[in-house]
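Structure first, then comments.
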Amino acid sequence: MSTNEEIIGRADVDDVEAILSVANDQVDAVVHAVRAEADALFTWDYAQTRQALVKLYEKAKTSQWNAHDLPWETDVDQEKVVVANAVQNPSSGLLGQNMDVTGTPFEKWTEKEWIQLGIESQNWTLSQFMHGEQGALICTAQIVETVPWIDAKYYASTQVMDEARHVEVFARYLDTKLSGHYPINAHLRMLLDDIIADDRWDMTYLGMQIMVEGLALAAFGFMHQMTTEPLLKQMLRYVMSDEARHVAFGVLSLKEYYAELGAAEIRERQEFAFEAAVRMRDRFLQQEVWDRMGLPVEEVVKLVLQVPDRSMFQNMLFSKIVPNCKKLGLLDAGDGWLRQRFTELGVIAFEDWVDTGEEYAMLDEVAKDRETAAATA
Ligand SMILES: [Fe+2]
Ligand SMILES: [Fe+2]
């Protein structure tokens, strides 16, 4: 059975045993190889005819930034940051406030354990962002090769540079400001492997630009809002400026391509989008953190899946993905298969939120900072 059938065939999308059966058994390996089957395409048509992509490419060229220019001298005391974040976001439950932990493995926890959990969660989250960014680096290099349009090859080449910078900043932040790395989460790795291995060029876009980056944009926005740490805040502001372009690239390209596809091909894209959504939801259950905290993983994951408030953070992650899928026509194509699946996953409420086709100009914080600097000079 392929991993895809495993997800589509899961009777209950919250089946904890199925979720935990996926684990990273190669945590000590330095290299992970994935065979890419897609053809590298030359095009002899050099005319730039896709104006939306031309505009995006020009924006990407002028809004580059240098990772070295971030305020790396900022002193980060991780324990203090965890406490300050919890104080600033009292409803977040970051330190176990407002939660009834009676009869759970958290029952005997004191503030010390809650702070440690906050530290581990941050190490884990930033590690997964870093690994995901490397996935984006590889996927966009692949898109340069496989997409048949010259405008898209040009734009994708700028994204390769953006993603290298993102891997660079997350790795540097982890190494110099935090207290430990985590290996890639197995659900995330499976998803990246599937995206890279697929030989259809548009699947790289759908998996990476729409699903992974759509989620990243929402997650970075959430973290940017929650954190009290100024270096991380500034780093996320700039990373998000880039990510908004990346998601726009996916929406603009696929909108054109999907208009040509037949019903059976569209259904394959709907299934791919749903599988990606479930893998990303599964990865956010952070099984590795519970394990490192010495907790019974299965019991805690079951608990997490039942907390009504998890919807706030977790479902927020889908706030970009669902409207973008709608804009691409994936939500309602055929018999509305994906609408039904997203309803079961509890994320359909986002369908009419702003899609990311045009949002990138508004989110260009790099350009805004330059304008401010020029005005005060
Ligand atoms: Fe990125
Ligand atoms: Fe990106």
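No lab work stands behind these numbers, since they all come straight from the coordinates. Worth saying up front: this structure is predicted, and the values here are computed from it rather than measured. In this analysis, Cβ positions are derived from the backbone assuming ideal geometry, glycine residues included, and neighbour counts consider all displayed protein chains.
Using Cα pairs under 8 angstrom and six or more residues apart, how large is the relative contact order of the chain, in percent?
Here the relative contact order equals 22 percent.
Once the other residues with Cβ under 12 Å from the Cβ of F274 are scored (Lys, Arg +1; Asp, Glu -1), what is the net sum?
Result for the neighbourhood of F274: +3.
Students often check this: by mean Cβ neighbours within 10 Å, which of 220-232, 107-119 ranks highest, and how do the rest follow? Each step should come with its number before you reach the end.
Working: 220-232: 17.8, 107-119: 14.4.
Top to bottom by mean Cβ count within 10 Å: 220-232, 107-119.
Please give the peptides 275-282, 291-298, 339-346, 147-154 ranked by average Cβ packing (other Cβ atoms within 10 Å per residue), highest first, as a rough proxy for protection.
Output ranking for 275-282, 291-298, 339-346, 147-154: 275-282, 147-154, 339-346, 291-298.
Considering every Cα-Cα pair within the stretch 110-376, what fraction, in whole percent, is farther apart than 32 Å?
22 percent
By counting other Cβ atoms within 10 Å of each Cβ, how are C325, C139 ranked from fewest to most? Spell out each step's value before the answer.
On the way: C325 31, C139 24.
Ranking C325, C139 by Cβ neighbours within 10 Å, fewest first, gives C139, C325.
Among A84, T204, V16, whose Cα lies farthest out toward the positive end of the dipole of the chain, if unit charges sit on the beta carbon of Lys, Arg (+1) and Asp, Glu (-1)?
Farthest towards the positive pole: A84.
Compute, for the stretch 110-376, the length of the dipole vector about the Cα centre, with Cβ point charges of +1 (Lys, Arg) and -1 (Asp, Glu) only. Units Debye, rounded to 20.
That gives a dipole near 420 debye.
Which whole-percent values make up P(r) of the stretch 103-153 when all C-alpha to C-alpha distances are grouped in 5 Å steps starting at zero?
5, 16, 13, 12, 10, 9, 8, 7, 6, 5, 5, 3, 0
Just going by the charge dipole of the chain, with Lys and Arg at +1 and Asp and Glu at -1 on Cβ, which of M235, V147, L305 is farthest out on the positive end?
M235
Can you work out the Karplus-derived ³J(HN,Hα) for every residue in the stretch 26-31? Use 6.51 cos²θ - 1.76 cosθ + 1.60 with θ = phi - 60°, whole Hz, and x for glycine or proline.
Along the stretch 26-31, the couplings run 10, 5, 9, 6, 8, 10 Hz.
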